[in-house]
Amino acid sequence: MTHSPEPSPEPTPAPSPPQPTAAMQIADPAGAEAAAAYFIELFLYTMESGDTGPWDRASDPACDFCRASSEEATSIRTSDQRYVDLGLTVTDVGLIRFEDAVGTFLVEVAYDSRGVEIRSEQGEVVDTRAEGSAFLALEIGYLPGDGWHLVGAQRLSESVR
């Protein structure tokens, strides 16, 4: 009697960065809302993969949130750690207002997070983040020929729309 070897588990495929959508091609409220949803997807990709290139290119150099996110993703990656499924689900995206003086859109993103673990390469839990619902205000600008850029982000205690 011969035994078939146990199949080895398939390696987890590397995530791919999200692609801008057609709705993001116009600098209007709908384009800003689409860009906000894209930036959340890009944030998740950056944190889960450790690849900061697309995030850094889409971020304004003056954006503190953007810089801190990039540094965190790099730190996690260089420490041989990884996020285990960030578990973030966007529940609503809506325009708060257009900032005429600076030409940016302020967009609110509501999301649910089911909590997350940061694990070492050996699978040990290094850190956890709590679950819950929250709101972000994303300041987004559009540069003709260069597209949308994340200018800033702020966590909100409640919806402002």
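The values are calculated or read from the model by the stated rules, or taken from the named source; none is laboratory data. No experiment lies behind these values; they were computed from the predicted model shown. Cβ atoms come from the backbone with ideal geometry, glycine included; neighbour counts cover every protein chain shown. The accessibility values were calculated without ligands, DNA or RNA, using every heavy atom of the protein model including side chains. Shrake-Rupley method; radii C 1.70, N 1.55, O 1.52, S 1.80 Å.
The value given for the chain is a Kirkwood hydrodynamic radius of 17.1 Å, derived from the mean inverse Cα-Cα separation.
With the helix formula -39500 (n - 2.57) applied to DSSP H stretches of n ≥ 4, the chain reaches a computed 222 nm mean residue ellipticity of -8500 deg cm²/dmol. If each residue of separation counts as 0.36 nm, what is the full-extension length gain between Val102 and Arg57 once their alpha-carbon separation is subtracted? Extra length available between Val102 and Arg57 comes to 14.2 nm. Suppose R0 equals 22 Å; then what is the FRET efficiency for Asp64 and Tyr111 from their Cβ-Cβ distance, rounded to the nearest 0.05? Taking R0 as 22 Å, the efficiency between Asp64 and Tyr111 is 0.65.
Rounded to the nearest 10 degrees, the angle from helix 64-78 to the longest Cα principal axis of the chain is 10 degrees.
To the nearest 0.05, how large is the calculated FRET efficiency for Gln122 and Ser16 if R₀ is 30 Å and r is the Cβ-Cβ distance? So, using R0 = 30 Å, E works out to roughly 0.70. Taking the C-alpha atoms only, the angle from helix 29-49 to the longest principal axis of the chain is near 30 degrees. With the Cα gyration tensor of segment 108-155 giving a ≥ b ≥ c as the square roots of its eigenvalues, does the rule (a/c under 1.5 for rounded; else a/b larger than b/c for prolate; else oblate) give rounded, prolate or oblate? Here segment 108-155 falls in the oblate category. The Rg/Rh ratio for segment 66-161 is 1.06, where Rg is the radius of gyration of the alpha carbons and Rh is the Kirkwood radius. Segment Glu41..Leu156, full-extension length gain: 39.5 nm, with 0.36 nm per residue of separation and the alpha-carbon distance subtracted.
What does the charge count near Glu124 come to, summing +1 for each Lys or Arg and -1 for each Asp or Glu among other residues with Cβ under 15 Å from its Cβ? Charge balance in the 15 Å sphere: -2. Modelled spin labels at Thr91 and Thr74, positioned 7 Å past Cα toward Cβ, are 3.5 nm from each other. Ligands, DNA and RNA left out, the 1.4 Å accessible surface of the chain is 50% carbon and sulfur atoms.
In the context of the full set of protein chains, segment 1-153 has a per residue accessible area of 58 Å² (1.4 Å probe).
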